[in-house]
Amino acid sequence: MPKTNTKIYFSPALSERERACFETGIKLGALYHILSGIPIKNDEKVINSIERGIESAISCQPYVKSVKIHLNREKISGTKTTEFDYDEITRKLIGAELIVEYESVYVVAKVEWIDELEYPLMFIEKINEK
C-alpha cells in the first residue's frame, strides 16, 4: 500500500516526536470515548468481547501497533434489580495500553483510573526513537 504524505497538513516546525505524541493522544481519546457508556454486565464473556472488539477497532487506525484494553471487573456490579437494569462502562472501569509508531518514534501510552486524582489519567509511559 502506498504511503500518503500527511506531513503537508502539519506545521513543518512539528518534530516527529511531537507528531507521534499527537497521534497517540488522538487514539487514547477515541478509545476512551468509544468505551464510555457501553452497556455491560458482570459476565466474563461479555467483558472479553467488548475488550477485544474495541482493541480491534482502535488497531485499524493509522500508526497503531498494538492496543490492550482491560476493564476493571471488580467495579462492575453483578446485581440486577429489574430486567431493565444494567451497568455502563464508566471512567473508573477503563484501563488500556496503546503503542503507536510514527516514523522513527515509538510511543507507549496508557489510560488508567487514578484513585488519588479521582480521574482517568491518559499519559505517555515511554518514548523511544529509532
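Restricting the stretch 11-28 to residues that are among the hydrophobic types (A, V, I, L, M, F, W, C) and over 23 Å from V111 (Cβ atoms), which is surrounded by the most Cβ atoms within 10 Å (Cβ to Cβ)? I'd like the intermediate steps shown before the answer.
Residues of the stretch 11-28 among the hydrophobic types (A, V, I, L, M, F, W, C): 13-14, 20-22, 26, 28.
Those left that are additionally over 23 Å from V111 (Cβ atoms): 13-14.
Numbers: A13: 6, L14: 12.
If we take residues in the stretch 11-28 being among the hydrophobic types (A, V, I, L, M, F, W, C) and over 23 Å from V111 (Cβ atoms), then L14 is surrounded by the most Cβ atoms within 10 Å (Cβ to Cβ).
Might you check whether a residue that is farther than 29 Å from T4 by Cα, within 13 Å of the chain's Cα centre (by Cα) and of a type in the set (A, V, I, L, M, F, W, C) occurs anywhere in the stretch 74-91? Taking every residue of the stretch 74-91 in turn, none turns out to be farther than 29 Å from T4 by Cα, within 13 Å of the chain's Cα centre (by Cα) and of a type in the set (A, V, I, L, M, F, W, C). In the stretch 61-81, the count of residues that are modelled with pLDDT of 95 or more, within 21 Å of I127 (Cβ to Cβ), out of contact with any Leu (no Cβ under 9 Å at 6 or more places or on another chain) and assigned to a helix (DSSP H, G or I) is zero.
Restricting to the stretch 1-44, name every residue that is closer than 20 Å to Y86 by Cβ and of a type in the set (D, E, K, R). Can you show your working first?
Applying the first criterion (closer than 20 Å to Y86 by Cβ) to the stretch 1-44 yields 33-44.
Within the stretch 1-44, K41, D43, E44 meet the criteria.
Scanning the stretch 97-130 for residues being more than 12 Å from the chain's Cα centre (by Cα) and surrounded by fewer than 16 Cβ atoms within 10 Å (Cβ to Cβ) gives a total of 14. The residues on offer are I69, I94, I58, I47, and the sole one that is more than 26 Å from V107 (Cβ to Cβ), surrounded by 13 or more Cβ atoms within 10 Å (Cβ to Cβ) and either among the hydrophobic types (A, V, I, L, M, F, W, C) or touching a Lys or Arg at 6+ places or on another chain (Cβ under 9 Å) (or both) is I47.
The values are calculated or read from the model by the stated rules, or taken from the named source; none is laboratory data. Note that the structure is a prediction, hence the values are computed from the model and not measured. In this analysis, Cβ positions are derived from the backbone assuming ideal geometry, glycine residues included, and neighbour counts consider all displayed protein chains.
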